[in-house]
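I have placed the structure first, in the form of structure tokens, so that the comments after it can refer back to it.
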Amino acid sequence: MACDNHGSPEEDTALVSLCPSTSNSPQLPRPLSDLPDELLQAGWEKCWSKRESRPYYFNRFTNQSLWEMPVLGHHDVISDPLGLNAAPIPSDGATPETPKDNRPQKRRISEELLACDSVKKLKVESTPVTPASVPSSPVFPGVSLDEKQLAALIKPTDVYWDLDIQSNVVVKPPPPSHLLPPPSQALPPHPEVELLRSQLVLKLRQHYRELCQQREGIEPPRESFNRWLLERKVLDMGPDPLLPSDCDPTVSPSMFQEIMNDVPMRLSRIKHREEAKRLLFKYAEAAKRLIESRSASSDSRKLVKWNVEDTFSWLRRDHLATKEDYMDRLEHLRRQCGPHMAAVARDSVEGICSKIYRISREYVKRTREKHLALLREANIPEPGPPEAPPEKLVFCHPVRLSVPALHQQGGVDVHLEGSMVCVRFKGETVRVNQSYFSKLFQLYRFSCTDDPGSEKFLSRVWCLLRRYQVMFGTAQYEGSGLQEALPVHVFQALHRIFGVTSECFASPLNCYFKQYCSAFPDTDGYFGSRGPCLSFFPVSGSFEANPPFCEELLDAMVTHFENLLESSDQPLSFIIFIPEGRDPPISALIRMENSRFKRHQLVLSAYQHEYRSGAQYVCKRDELYYKAMHNTAVLFLQNEPGFLKWAPTPERVQELTAAFKHSGRLSNCSGGSEKESTQEEGTSKDSMTRDAD
């Protein structure tokens, strides 16, 4: 149940919990508030059972119930649903103590026999080690001998990147007119803060679901919360790297429209005649129920009811209708009733959007207060207003945070489960494929300057993985479409043909080059990130841009790229890959097609090219590539020097197109002719055309 009061821990303990299965579930007793702060922050509440006449413990994040007081860090129902790693409860009923070694409890004889080989475990100690006393490892210079077990984890079996390619990018500081917070002003990551932030984001997702169910009777649109985060961060001026807190307008246009599209009910894809008939009947019922439960004008109420009754009459008398007949009738009903239902639902939907934003602001305040408290304990001053950077051109380098990092954070351990590396902090486990864990270690060694002994590596990896985990949701592979990547052969062709050495939209997990822009400068900067693309101002270089699909972000990207191309007199090139949406048209695509910087455009046909999964760092090998179910538009935006240096000539475009045929599963298939897989739109502009522009 979403309440109006959110913010302090005292208010959270006073929340009334409901069973998530139905909105008509009986209300639980008011929770007791004598739990430790750590358990409260982890979502636990102490409640009273009337049936058993004794207290029990309920977790509002995971919906888990326990009779005994939970032990923080010993049972994670998400990563350990059977409780195999849970600490045993003492027979006398006393509260179990946290053991010194958090090694998972082995339950099978085979695990006992193979423990030394199958589970490699490393625990980061809380005592910092001075660089002078760190003996070097012959395999990884600078890594202490106590971390030899880490070497067993750094064994990539599959490589989908090339970290040896050097950057050809020169950058300048952001102009005074740039209003977004500078990436260097972000606070350094810390596991305690990231744990709190992740818990609050999960709570916010739950509030969003409950508001949609209670107010509109629908489930939240698929991944709309993820797109809301992307859209809000385009214009957010707040201090938190993930949650928005300073946006104008406060009502998100993307979230509002996605909810309105599902009012009065979500429409699904129909395959059979009977499904179409049921969908038409359910839609008519939902429209009638909505107009009767809201305050609407008499004319709107009459029109909707008349159309609904007419639909019911048609369903009763026409038994020979086809699937197409039912779908045509549904479209007619939507056209007639849709505007009236939207009018009565507008205020309610706006209330959902504004309330989610208000709760987000409160959560940002709580997270930042905790972060600043940790800085004060370490005698690190609170960051002041950013100073104007000097006006000079420099070679592109990873983000360097202006606030010193906190001392070494203990409590993070790692072990190997098959091909997955599990990094754990206070019972919360994040997983990553061993090859990608090796990649993160390489990126860290290349980019991090404040941790020569890699003592903070594990804690920073945990923060990084946890950030992306909660950003894209808890369901398996949720949000992977928002971070999909190009195939390796395409990246190789882009570098070889067009001199591309950097990515505008990537992450440490899915990047191909070691230089890239990403969403989170605080967690990603240690692994090579140059910061968010909209806060990145290159003067020269060749870039690949494969942005997540968010129309507000796409529009901001086009504006940013055109400003960069306009202001630079050095070679600058952007090769953009976006879905070719025409119904309705994507405004960013139309703008790029009409841009004076467009040098060439081609379209890759649906099902004739592939992408690499955004969940590549956790998915199985046979799920790594998937065929694109939509056309992909490839556009070349270049200034004059960039066009002269990396012109998309027919030969070069032909070679790039051929690279898509040799990627992933398509490399084993006999492709069709070139004309079947691509459609070229436009040609390279010659010098006369450029002069005319």
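The values are calculated or read from the model by the stated rules, or taken from the named source; none is laboratory data. Predicted, not measured: the structure shown is a model, and the values here were computed from it. Here the Cβ positions follow ideal geometry from the backbone for every residue, glycine too, while neighbour counts run over all protein chains shown. Just the protein is used for accessible areas: all its heavy atoms, side chains included, with ligands, DNA and RNA removed. Shrake-Rupley method; radii C 1.70, N 1.55, O 1.52, S 1.80 Å.
What FRET efficiency comes out for Lys645 versus Asp246 if R0 is 56 angstrom and r is the Cβ-Cβ distance? Round to the nearest 0.05.
So the FRET efficiency works out to roughly 0.90.
If you take the Cα atoms of the range 507-666, find Rg, then find the Kirkwood Rh from the mean of 1/r over all pairs, what is Rg/Rh? All intermediate terms of the calculation are to be shown ahead of the outcome.
Values: Rg = 16.0 Å, Rh = 16.8 Å.
Across the range 507-666, the Cα-based Rg/Rh ratio is 0.95.
Please compute the volume of the convex hull spanned by the alpha-carbon atoms of the range 335-379 and report it per residue in Å³.
49 Å³
How much length would be gained if the chain were fully extended between Glu369 and Leu235, taking 0.36 nm per residue of separation minus their Cα-Cα distance, in nm to one decimal?
Using 0.36 nm per residue and subtracting the Cα-Cα distance, I get 46.0 nm.
Collect residues whose amide H, placed 1.01 Å from N in the peptide plane, falls under 5 Å from the amide H of Asn631; neighbours closer than 5 in sequence don't count.
Long-range HN contacts for Asn631: Glu580, Ala606.
7 Å from Cα along Cα→Cβ at both Ser268 and Arg358: what's the point-to-point distance in nm?
Once both label points are built, they end up 3.5 nm from each other.
Please list log₁₀ I(q)/I(0) at q = 0.24 Å⁻¹ for the range 405-498, using the Debye equation with identical point scatterers on the alpha-carbon positions.
-1.32
How long are the semi-axes of the equivalent ellipsoid of the range 175-326, defined as square roots of 5 times the Cα gyration tensor eigenvalues? Whole Å, largest first. Numbers along the way, then the final one.
Details: eigenvalues 381, 60, 42 Å².
One finds semi-axes of 44, 17, 14 Å for the range 175-326.
Rounded to the nearest whole Å², what accessible area per residue is found for the range 412-563 with the 1.4 Å probe? Intermediate values should be presented prior to the final figure.
Numbers: 3410 Å² over 152 residues.
Value returned for the range 412-563: 22 Å² of accessible area per residue.
Compute the distribution of all C-alpha to C-alpha distances in the range 343-426, in bins of 5 Å from 0, and list the percent of pairs in each, rounded to whole numbers.
Percent of pairs per bin, in order: 3, 9, 9, 11, 12, 13, 13, 12, 9, 6, 2, 0.
Place a +1 charge on the Cβ of each Lys and Arg in the range 207-300 and a -1 charge on the Cβ of each Asp and Glu, then give the dipole magnitude about the Cα centre in debye, rounded to the nearest 20.
Here the size comes out at about 660 debye.
Compute, for the range 438-597, the length of the dipole vector about the Cα centre, with Cβ point charges of +1 (Lys, Arg) and -1 (Asp, Glu) only. Units Debye, rounded to 20.
Result for the range 438-597 is approximately 560 debye, rounded to the nearest 20.
Tell me, what are the semi-axes, in whole angstrom and largest first, of the equivalent ellipsoid of the range 583-661 as set by the roots of 5 times the Cα gyration tensor eigenvalues?
Semi-axis lengths for the range 583-661 are 27, 17, 12 Å.
Only four residue types carry charge here, +1 at the Cβ of Lys and Arg and -1 at the Cβ of Asp and Glu. Report the dipole size of the range 529-652 about the Cα centre in Debye, rounded to the nearest 20.
About 320 debye.
How far apart, in nm, are the 7 Å Cα→Cβ label points at Ala342 and Arg289?
Each label point lies 7 Å from its Cα, and together they span 2.3 nm.
Could you tell me which of Val193, Leu179, His207 has its Cα farthest along the dipole of the range 169-219 towards the positive end, charges placed at Cβ (Lys, Arg +1; Asp, Glu -1), taken about the Cα centre?
Positive-most Cα among the choices belongs to Leu179.
Pairs Lys203/Lys302; Lys155/Lys661; Lys172/Lys233; Lys50/Lys370; Lys323/Lys598: which are spaced more than 32 Å apart, C-alpha to C-alpha?
In this structure, Lys203/Lys302; Lys50/Lys370; Lys323/Lys598 lie more than 32 Å apart at Cα.
Quick check on packing: order 573-583, 376-386, 650-660, 630-640 by the mean number of other C-beta atoms within 10 Å, highest mean leading.
Working: 573-583: 19.1, 376-386: 10.6, 650-660: 17.0, 630-640: 21.9.
Descending packing order for the listed peptides: 630-640, 573-583, 650-660, 376-386.
Work out the FRET efficiency for Lys627 and Val159 from their Cβ-Cβ distance, taking R0 = 22 Å, and round it to the nearest 0.05.
With R0 = 22 Å, the Cβ-Cβ based efficiency is 0.45.
If ligands, DNA and RNA are left out, what is the accessible area of Lys323 with a 1.4 Å probe, given in Å² to the nearest 10?
Surface accessible to solvent at Lys323 totals approximately 60 Å².
With every protein chain kept in place and ligands, DNA and RNA left out, what is the accessible area per residue of the range 181-330? Probe 1.4 Å, answer in Å².
Accessible area per residue, the range 181-330: 46 Å².
Does the range 517-560 come out rounded, prolate or oblate by the C-alpha gyration tensor, with a ≥ b ≥ c the root eigenvalues, rounded set by a/c under 1.5 and, if not, prolate when a/b is larger than b/c and oblate if not?
Cα axes put the range 517-560 in the oblate bin.
Could you grab the Rg to Rh ratio for the range 276-401? Cα atoms only, Kirkwood for Rh.
With Rg and the Kirkwood Rh in hand, the quotient comes to 1.38.
Can you work out the FRET efficiency for the pair Arg376 and Trp67, with r the C-beta to C-beta distance and R0 = 60 Å, to the nearest 0.05?
Working from the Cβ atoms, E equals 0.95.
Tally Lys/Arg at +1 and Asp/Glu at -1 over every other residue whose Cβ is under 10 Å from the Cβ of Glu219; what's the total? Working shown, then result.
Details: positive: Arg209, Arg222, Arg266; negative: Glu216, Asp262.
With Lys, Arg at +1 and Asp, Glu at -1, the neighbours total +1.
Please compute the volume of the convex hull spanned by the alpha-carbon atoms of the range 487-576 and report it per residue in Å³.
91 Å³
Under 11 Å from the Cβ of Ile270, count the other residues' Cβ atoms, weight Lys and Arg +1, Asp and Glu -1, and hand me the total.
+3
Report the full-extension gain for the segment Trp306 to Val394: residue separation times 0.36 nm, less the Cα-Cα distance, to one decimal in nm.
Gain on stretching Trp306 to Val394: 24.8 nm.
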